[in-house]
1. Residues to consider are Lys278, Lys238, Lys261; find the one that is touching a residue at least 60 places away in the same chain (Cβ under 8 Å) and under 20 Å from Val210 (Cα atoms).
2. Leu252 versus (1) farther than 27 Å from Gln131 by Cα; (2) part of a strand (DSSP E or B): which is the lone unmet condition?
3. Is there any pair with a first residue in region 147-164 that is closer than 15 Å to Val115 by Cβ and a second that is buried (at least 17 other Cβ atoms within 10 Å of the Cβ) and of a type in the set (Gly, Ala, Ser) whose Cβ atoms are under 8 Å apart and which are 6 or more apart or on different chains, and what are they?
4. Give me the strands (runs of 3 or more DSSP E) completely within region 267-369, filtered to those with at least 1 residues that are touching an Asp or Glu at 6+ places or on another chain (Cβ under 8 Å) and more than 28 Å from Gly402 (Cβ to Cβ), ordered by residue number.
5. Any idea which residue in region 138-158 is farthest from Thr214 (Cα to Cα), counting only those that are assigned to a strand (DSSP E or B) and in contact with a Lys or Arg (Cβ under 8 Å, 6 or more places away or on another chain)?
6. If you scan region 346-360, which residues turn out to be modelled with pLDDT of 85 or more and surrounded by fewer than 17 Cβ atoms within 10 Å (Cβ to Cβ)?
7. Condition first: at pLDDT 95 or above and of a type in the set (Lys, Arg). Can you find one or more residues in region 189-198 that meet it?
8. Can you find even one residue in region 165-175 that is loosely packed, with under 14 Cβ neighbours inside 10 Å, touching a strand residue (DSSP E or B) at 6+ places or on another chain (Cβ under 6 Å), under 30 Å from Asn267 (Cα atoms) and not hydrophobic (A, V, I, L, M, F, W, C)?
Amino acid sequence: MGKFEEEAVKTWAELNWRILILGLVAGVLAGVPALARPSPACQQHWGWYQPPPQPKPAAKPAKKASPQTTQTPGKPGSTQTTASAGGGSSNGRPGTNSTQTVTQTSGGGTTATQVVSVPGINGGSKTLVDQETQTIQLNAHTTRIIQKIYGQGPNGNRRVVGVQQTDTTTLPGGKSQSVSTYSQRNANGDYDVTRREVSETTPTGPNTSVTNSTVYTPGMSGGMDPSQKTQAVTTSGKNSQQTVSTMLTPDLNGGWQAARKTVTVTNEQANGEKTEDKTLYAPDMNGNLTPAQRVVTHDWKGKNGQEHQDVSTYAPAPAATMSPQGSPLTLQQQVSTVKTRQANGTVETRSQTEQRSLVSPSSPMQVTGAEVTVATPTKSGAMETHTSVYNDNGNGQLTETGSYAGQQPASAASPATPAKAPAKKKAAAKPSSASKQGQKPPAKPAVQEIH
């Protein structure tokens with residue numbers, strides 16, 4: 001699979017998740033903590049947060065993950081199953097249980113099934129995500145991805161409610177084309193096409209390419225009419241890459257108008273240090289595109305081998321100041337993650353979130369969340385994880401609000417995904433420079449990147 005094909009497949013996978021699942025997830029995961037925090041007199045930034053000692057996962061047998069089954073991947077019929085069971089609350093997802101199974105099929109294809117459930121209001125559990133993704137290599141140039149979304153029928157039975165099919169083809173001259181069609185089940189049990197997107201990437205020079213995409217949705221005449229166009233121009237350098245993506249929507253005169261623009265600049269050094277600077281432009285009151293958000297992600301390794309990541313989000317001053325769009329962007333949130341790999345294979349990840357208060361926007365950034373995960377290798381080669389989540393108790397101090405255990409194949413432990421570790425010390429009322437009091441573990445960020 002070529003570079004452009006891989007990018008297209010990734011793009012469609014992300015698009016599918018947002019379009020088909022976001023509405024459902026938003027209703028259940030809406031527990032975003034408020035930005036309002038106690039005054040600086042009650043809450044201070046004392047350096048890296050050190051949560052109090054945490055109990056070992058074994059102390060919570062009822063919250064242990066269901067057994068994991070792992071067979072050798074790469075052979076037809078082989079499977080990998082990842083299961084995790086959550087207790088308490090994590091980032092607004094109380095008691096979340098997740099299972100993902102990947103089955104290798106003949107011809108090099110795969111079928112992946114993912115089910116995520118949360119406790120129901122009246123007891124039991126409620127399925128949040130239930131989807132199946134099948135990847136098929138049609139020929140040397142074309143890959144097909146079929147994603148089925150499941151819901152409940154009138155009798156409570158599991159049935160398909162939506163299907164998205166994406167065909168990505170590598171064309172001569174380095175071009176690639178992707179066609180994605182989403183069909184939704186209607187009241188009669190048939191499937192109606194509700195969205196179709198066609199995208200083509202064309203090299204325009206040794207280091208440049210242009211991707212043009214058009215989204216079609218049902219029109220007044222009953223056919224599929226274009227409702228959105230996007231053009232992305234990518235320019236690559238020796239250690240950098242810039243992508244300018246502009247989205248157009250229909251205007252009142254039958255033409256097209258710019259509705260959004262995103263400029264992404266990536267720089268990577270020989271030592272692996274990487275910085276991504278992404279700025280979103282949105283229409284202001286006069287219809288002009290002005291900076292609405294900027295997200296800077298910085299990844300690097302320390303001298304001791306620790307993996308660091310800082311994600312800084314800039315936006316206009318909080319709504320409490322009634323600042324109009326177009327105002328200067330200021331730092332509103334920063335998420336810092338440090339991952340440490342030990343000689344015995346254990347991976348410890350700590351992350352903390354700082355954000356600005358809506359009530360007192362001129363006050364310094366306050367630590368509003370922290371999360372610690374420890375991933376320990378088992379004899380079977382899997383990674384057993386235990387995560388502790390901390391949130392503000394309303395008095396400017398962090399308290400544990402949830403913890404959960406799980407298992408996953410060792411290869412699935414990604415450096416960018418915090419594997420959390422039980423905190424080391426510091427429960428005293430007065431923190432020292434090595435500990436943070438009045439800080440909160442990363443609950444769901446109140447300032448989120450706009451996609």
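1. Values: Lys238 fails: touching a residue at least 60 places away in the same chain (Cβ under 8 Å); Lys261 fails: touching a residue at least 60 places away in the same chain (Cβ under 8 Å).
It is Lys278.
2. Failing condition for Leu252: (2).
3. Lys148/Gly162; Ile149/Gly162
4. Numbers: elements: 274-283, 289-301, 307-315, 330-341, 347-355.
The qualifying strands (runs of 3 or more DSSP E) are 274-283, 289-301.
5. Looking only at region 138-158, we keep the residues that are assigned to a strand (DSSP E or B), and these are 142-152, 158.
Those left that are additionally in contact with a Lys or Arg (Cβ under 8 Å, 6 or more places away or on another chain): 150-152.
On the way: Tyr150: 27, Gly151: 29, Gln152: 32 Å.
Filtering first and then ranking leaves Gln152.
6. As a first pass, look at region 346-360 and keep what is modelled with pLDDT of 85 or more: 346-356.
Passing the criteria: only Thr346.
7. Yes; the residues of region 189-198 include at least one that is at pLDDT 95 or above and of a type in the set (Lys, Arg).
8. Yes, the conditions are met somewhere in region 165-175.
The values are calculated or read from the model by the stated rules, or taken from the named source; none is laboratory data. What you see is a predicted model, and the numbers here were worked out from it, not measured in a lab. Reconstructed Cβ throughout: ideal geometry from the backbone, glycine too, with neighbour counts over all protein chains shown.
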